Amino acid sequence: MEPVLEIRNLNVDYGLGDRAVQAVRDVSLTLHKGEVLGLAGESGSGKSTLAYGMTRLLAPPGAITGGEVIYHPEQGSPYDVLALSDRALRQFRWAETAIVFQGAMNSLNPVHKISTQLTDVLKAHEPKLSEHSRNARAREMLKLVGISTDRMDAFPHQLSGGMRQRVMIGMALILQPQVVIMDEPTTALDVVMQRQILGQLIDLRERLGFSVIFITHDLSLLVEFSNRIAIMYGGRIVEEAPAATLYRDALHPYSKGLLGSFPALRGPRRELSGIPGSPPDLAGMPTGCSFHPRCPKAFEPCSTAIPVLGRPDIPDGAGRSVACWLHPAEQPVG
Amino acid sequence: MTSLQDAKAPADEVVLEAIGLTKHFPVRRKVRDLFTRKHDAVHAVDDVHLTLRRGKVVALVGESGSGKSTVARVLAQLYPRTGGDIQLHGESTRVKAGRQFRGYASRVQMIFQDPFASLNPVHTVRYHLARALRIHHNDGGDLEAALAELLTRVSLTPPERYLDKFPHELSGGQRQRVAIARALGARPEALLADEPVSMLDVSIRLGVLNLLRDLKERLNLAILYITHDIASARYFADETLVMYAGRMVEGGDSESVTQTPAHPYTRLLIDSAPDPDRLTGDTDPLEEDRGNGEPPSLIHPPTGCRFHPRCPAVMPRCSTDLPVRLEIGDKPGHWAACWLYDTAGAEK
């Protein structure tokens, strides 16, 4: 599969100088065409920072301190998003990558009708379009996400949470971007609505052929809805594997612990323990592997040396990578 | 020194009971309604029956807006009830404030969802816990020892390390443990836990749930566990009740409610929960008509069964008659408020 977005050795800091907190460290990740890449991690693991960093949406004091983000457009040669000029960046945003924010229900402007907000995007990116065709596009988009078009002139408060979320998804797709980043898109919604919206998104992806980066803390949701999963801990990716492989046979103790933190709805009732301890403070990160103070299998190199992310030394290790001293890398990634 | 004695009351003793509990919130009247007799209200909770027994966990599951938190707040007497009765050890209680409320609070305590908001940021852990102990006269003459014991109870050890910390110095899980310790400071018989783990990181949720279960066993507490996550209800609770739009729709022991759900709404809820075993690419039964849509307005709730506008198995009777609790018959005590199970077809 050809790549759409390649993140190479991205580093993001908050703050400057000695007091800087390294929120994302040395992350390399590739998004392929048409796939759903899940990014899982707890709060403070740097997953949202990574999403904002690669789209250059990071507000100060956040700063990208290294790495590159290579975007492969449908036509033309690949370029580095981090090196784009302001003008080129304006063209790139939303037309090539769109983002659905955390709590997207509150990202609609309450004083404008949704029709205005939908056509606004078109006005900015395709100024030559007539008002009539703009409205037609907006209507088409609403139909696509399952909202009846007579709600075009509704204000956000007249819609339910689920409908607002759909409007946001429609807005993200209106310019037919290649990449859609979803940052905890359904955490504020109920399970029934969550399933409906995600099902619809997967369906739309098959029809329109975009790729999705899906960020959430709910690993069980990712296993079901994504093709590949990357797990972040303490600002680094600790494991990356196809969803089914990760679910069946996770290599990193943190991934295992995370999978063991969800009570099952079916099958036998088991005693579960979660992971002892609490997530690390980014300002005082443990030395070596940042998971070692909570790790049940920590041994002597863990507290001194940082494990590299690479292909694990197991028979069917192709297509997956892990950063753990239990499975030293054969070929480091990146 | 009187320490926090492990309770010696018999197990299964009924502590708190709600009988036909109802709570309506009045809606502000519009000008044109001033001259009419119209008084609209949000029917947040209607006719809820539940029983909390010593040493047992009852889970109340529902979507947001189903009225599950309102049940907890009415039970904690933070809201006055509109109708029905709350019985503490078989005696009807209605408290408003002052000494009476304190007396009630010393027996029924509540844990809130957000430990970032429920602890005062300008006070230390010591202040929060000492206050609970002092108000309920449970310090037993030796405050330091009682404080240390409380923190040990919630596995914040060594206690000295945590006593003089401020909430911002603690992680989310530690804060929720302090909130639990504060509730235990009153030596309650019943604990009302309103989504106690939903704001916590995934990896530490189970730690807090296991702690609550351990406390329940050691202190013989009656726990009401309110959640939107039906899988955790199965894990943690002995009995599960499902609420929809302010009414109870199904109840029974957790295993039968989650494994053989009877009410169409419970089935929808269980089918919607994330299930890693159902991987992408598998046939997804999602597109079938299973009751997609949204919960109704509670100002003018649907007549009859409140789920009938979304229900895939709707019958003409559902829109007119309010379903009564009907035994399913697979397990004793498993019931659903659904006309599908009216096998006799007889009117009640």
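Every number here is computed from the coordinates shown, using simple stated rules; none is lab data. These numbers were taken from a predicted model, which means no experiment stands behind them. So basically every Cβ, Gly included, is an ideal-geometry build from the backbone, and we count neighbours across all protein chains shown.
Below is a table of values for the structure above.
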item: Estimated inter-spin distance, residue A:80 and residue A:63, nm [label 7 Å along Cα→Cβ]; result: 1.7 nm
item: GNM flexibility winner over chain A from A:89, A:173, A:259 (Cα, springs under 10 Å); result: A:89
item: Beta bridge orientation in chain A: antiparallel %, DSSP, nearest 5; result: 60 percent
item: Rounded, prolate or oblate (a/c below 1.5 giving rounded, otherwise prolate when a/b exceeds b/c) for the protein assembly as shown by Cα gyration tensor; result: oblate
item: Once exposed loop GluC sites (Glu not before Pro) are cut out (DSSP; at most 11 other Cβ, 10 Å), longest piece of chain A; result: A:75-270
item: Under DSSP loop assignment and at most 12 Cβ neighbours within 10 Å, longest GluC sites (Glu not before Pro)-free interval of chain B; result: B:1-287
item: Inter-label distance, nm, simple model (7 Å from Cα along the C-beta direction), residue B:145/residue B:320; result: 7.0 nm
item: Calculated [θ] (222 nm, deg cm²/dmol) that DSSP helices of n ≥ 4 give over chain A, each run adding -39,500 (n - 2.57); result: -8000 deg cm²/dmol
item: Rel. contact order, % - alpha carbon contacts under 8 angstrom, at least six apart, chain B; result: 20 percent
item: Environment charge of residue B:106, counting only residues whose C-beta is closer than 11 Å and scoring Lys/Arg +1, Asp/Glu -1; result: +3
item: Bins of 10 Å, starting at 0 and running to the largest distance - Cα pair percent for the stretch A:104-176; result: 22, 59, 18, 1
item: Share, in percent, of DSSP beta bridges within chain B that are antiparallel, nearest 5; result: 60 percent
item: Net +/- balance of residues flanking residue A:275 in space, Cβ distance below 14 Å, scoring K and R +1, D and E -1; result: +2
item: Relative contact order of chain A, pairs being alpha-carbon contacts under 8 Å that are 6 or more residues apart, as %; result: 19 percent
item: Over chain B: helical MRE at 222 nm, DSSP H runs n ≥ 4 each giving -39500 (n - 2.57), nearest 500; result: -8000 deg cm²/dmol
item: Trypsin sites (Lys or Arg not before Pro) restricted to the stretch A:107-162 and DSSP loop, no more than 11 other C-beta within 10 Å; result: A:128
item: Under 12 Å from the residue A:43 label point (7 Å along Cα→beta-carbon), backbone N, the stretch B:166-181; result: B:171-176
item: Spin-label model distance (nm) - residue B:161 vs residue A:9, 7 Å beyond Cα toward Cβ; result: 3.8 nm
item: Value of relative contact order over the stretch A:104-176, rounded to a whole percent, pairs C-alpha under 8 Å and six or more apart; result: 46 percent
item: Share, in percent, of DSSP beta bridges within the protein assembly as shown that are antiparallel, nearest 5; result: 60 percent
